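What follows draws every value from the coordinates through simple rules; no lab data is involved. The model shown is predicted, which means the values in this text are computed figures rather than measured ones. Methodologically, a virtual Cβ is constructed for each residue, glycine included, from the backbone with ideal geometry; neighbour enumeration extends over all protein chains shown.
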Amino acid sequence: MVLVTGAAGFIGFHVAKKLLDRGDEVLGIDNINSYYDPALKEARLAILTSYRRFVFEKLDICDRAGLDALFRRFHLDRVCHLAAQAGVRHSLTDPWSYQKSNGEGFLNIVELVRTYRPENFVYASSSSVYGANTKLPFSEDDPTDAPVSLYAATKKANELVAHCYRHLYGIPATGLRFFTVYGPWGRPDMALFKFTKAILGGEAIEVYNNGLMRRNFTYIDDIVAGVLLTLDRVAPDEVYNIGNDRAEQLMDFIAEIEKNCGKKADIRFLPMQPGDVVDTVADIGKLMALGYDPKTNIDRGVAAFVEWYRGYIDMQGKLF
C-alpha cells in the first residue's frame with residue numbers, strides 16, 4: 001500500500017488517482033483545510049473514493065498520534081509526502097501555518113518513516129529553494145542557502161531534515177523540486193486558475209513585474225509521471241528538479257489562456273511582489289537520465305485546463 005499525504009490536494013489527487021489506475025492500493029490522508037475552498041478538495045476526493053482500493057482518513061500531519069496509528073494499522077510499502085502549506089505570498093501573512101505544517105508536520109512523517117521503515121520515501125520540495133539565483137537553468141548542484149520567502153525556507157529545511165535522517169538512520173529519501181505545476185483540478189490561488197476565472201468573468205488580472213517573468217510551466221500529467229518514476233525507484237538520498245524542458249514567457253502563457261477563453265484579458269501590470277523571483281528555469285537532465293520525459297506544451301496544457309474549468313463551473317453553476 002502507498003501512503004499519499006495531501007491526497008485531496010492538486011498534485012496529491014492526481015498522484016493517488018494514477019496509482020489507483022495502475023492497480024496500487026492507496027491510503028490517502030488530508031486535513032481538508034480552508035486555505036482555499038474545501039469544495040474543490042471534496043470534489044477531488046469524491047473521485048478517489050469511488051475506487052475500491054482507496055482508503056481515506058481525514059487527518060492533519062501535525063497529529064503525530066493519529067499518524068502513528070495509521071502506520072501501525074496499515075502495511076505501507078511506500079510513502080509519498082505531498083501535504084504542505086503551499087503558496088509564496090500567503091507565507092507573508094500567515095507564517096505560523098508554514099512552520100507548523102511544513103516544519104512539525106514534515107518531522108512527524110520522517111520520524112514515522114524512520115520507525116516503520118517503508119521501502120521508499122518521496123517528498124515534495126520546491127523550485128523556490130533556488131531563491132534569487134541568476135545562474136540559469138537551475139541545477140540541483142546550485143546553492144540553495146538564500147531563500148527569499150518563508151515558504152522556500154521551509155522547503156529547504158525539509159531537504160536538510162531528510163538528508164539528516166538518511167545520514168543518521170539510513171532511510172531512503174527522494175526530494176522533488178516542483179516547477180510551476182498546472183492543469184485540471186489545479187489550485188485556485190495559482191495563476192492559471194485565477195487568470196481563467198477573471199477573464200471568463202470579465203474581471204481584470206494582476207500581472208507582476210510588468211509581465212517580465214519566465215516559468216517552467218509543467219503539466220500535471222508530466223509531474224505525476226516523474227513522481228511515480230521516483231516512487232518506484234528507491235534512492236538513498238537524492239533531490240531532483242521536476243519540471244518542463246523549456247521555459248515560457250509569462251505573457252505567452254497568458255496569451256494561451258486568452259485564446260482558449262475566447263476573450264482578451266484586462267491586464268493590470270504591477271511591480272514585483274515580495275518573495276517572487278523573475279525566472280524559474282529547470283535543468284531536468286538528472287531526472288531525464290532515469291527516463292523522465294515531459295511531453296505537454298502550454299498550448300495543449302492550457303487548453304485542457306480551460307476545458308476542465310468550464311465543465312467544473314457548469315457543474316457548480318457559478319464561477320469558482
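Near M213, the amide H atoms lying under 5 Å from its own belong to L250, M251; only residues 5 or more places off or on other chains count, and H is placed 1.01 Å from N. For the chain, modelled as a GNM whose springs connect Cα atoms under 10 angstrom apart, the maximal fluctuation among K259, K100, K155 occurs at K259. I242 sits among other residues whose Cβ lies under 15 Å from its own Cβ, and their net charge, with Lys and Arg +1 and Asp and Glu -1, is -1. The fraction of Cα-Cα pairs per 10 angstrom bin, counted from 0 for segment 167-212, comes to 20, 34, 20, 13, 10, 2 percent, rounded to whole percents.
Database remark: amide H of F138 closer than 5 angstrom to the amide H of V281, A282, D283 (H placed geometrically; neighbours at sequence offset of 5 or more, or on other chains; Pro and chain starts carry no H). Treating the Cα atoms of segment 155-258 as identical point scatterers in vacuum, please give the log10 of the normalised Debye intensity I(q)/I(0) at q = 0.15 Å⁻¹, two decimals. Values returned for q = 0.15 Å⁻¹ are -0.75.
Comparing Y98, Y36, Y123 in a Gaussian network model of the chain where C-alpha atoms under 10 Å apart are linked, the largest mean-square fluctuation is found at Y36.
Considering every Cα-Cα pair within segment 230-317, what fraction, in whole percent, is farther apart than 14 Å? Write down the numbers at each step before the final one.
Working: 2908 of 3828 pairs.
For segment 230-317, the fraction of Cα-Cα distances above 14 Å is 76 percent.
Please label the shape of segment 32-133 as rounded, prolate or oblate, based on the square roots a ≥ b ≥ c of the eigenvalues of the alpha-carbon gyration tensor (a/c under 1.5 means rounded; beyond that, a/b larger than b/c means prolate, else oblate). It is oblate, given that a/c is not under 1.5 and a/b is not larger than b/c. Peptide packing: for 67-77, 19-29, the average count of neighbouring Cβ atoms within 10 Å per residue gives the ranking 19-29, 67-77, highest mean first. Annotation: amide H-H contacts under 5 Å for T218 (H modelled 1.01 Å from N, sequence separation of 5 or more, or interchain): V181, Y182. When the alpha carbon coordinates of segment 1-74 are projected onto the principal axes, the ranges are 30, 29, 17 Å, largest first.
Just to check, using Stokes-Einstein with a Kirkwood Rh over alpha carbon pairs, what's the diffusion coefficient of segment 34-81 at 37 °C and 0.692 mPa s in µm²/s?
Details: Rh = 12.7 Å.
The estimated diffusion coefficient comes to 259 µm²/s.
Taking all Cα-Cα distances within segment 167-320, those exceeding 26 Å account for 34%. Within the listed set A289, A84, A39, the residue fluctuating most in the Gaussian network model of the chain (springs between alpha-carbon atoms under 10 angstrom) is A289.
Which entries in K100/K156; K41/K197; K41/K264; K58/K155; K58/K100 show an alpha-carbon gap greater than 20 Å?
Among K100/K156; K41/K197; K41/K264; K58/K155; K58/K100, the Cα-Cα distance tops 20 Å for K41/K264; K58/K155.
Normalised by residue count, segment 106-149 yields a Cα convex hull volume of 99 Å³ per residue. Each Lys and Arg contributes +1 and each Asp and Glu -1, all at the Cβ; summed about the Cα centre of segment 2-316, the dipole is approximately 380 debye. The fraction of Cα-Cα pairs per 5 angstrom bin, counted from 0 for segment 66-222, comes to 1, 8, 15, 18, 19, 16, 11, 6, 4, 2, 0, 0 percent, rounded to whole percents. Going by a ≥ b ≥ c, the root eigenvalues of the Cα gyration tensor, does segment 256-307 fall in the rounded group (a/c under 1.5), the prolate group (a/b larger than b/c) or the oblate group? Since a/c reaches 1.5 but b/c is at least a/b, the shape of segment 256-307 is classed as oblate. Where a ≥ b ≥ c are the square roots of the eigenvalues of the C-alpha gyration tensor, would you call segment 2-316 rounded, which needs a/c under 1.5, or, failing that, prolate if a/b is larger than b/c, or oblate? Taking the square roots of the gyration eigenvalues as a ≥ b ≥ c, segment 2-316 is prolate.
Counting other C-beta atoms within 10 Å, which of D252, D30 has the fewest, and how do the rest follow? Please report the intermediate quantities before stating the final value.
On the way: D252 13, D30 27.
With the sparsest Cβ surroundings first, the list reads D252, D30.
In the chain, the DSSP beta bridges split such that about 5 percent are antiparallel, to the nearest 5.
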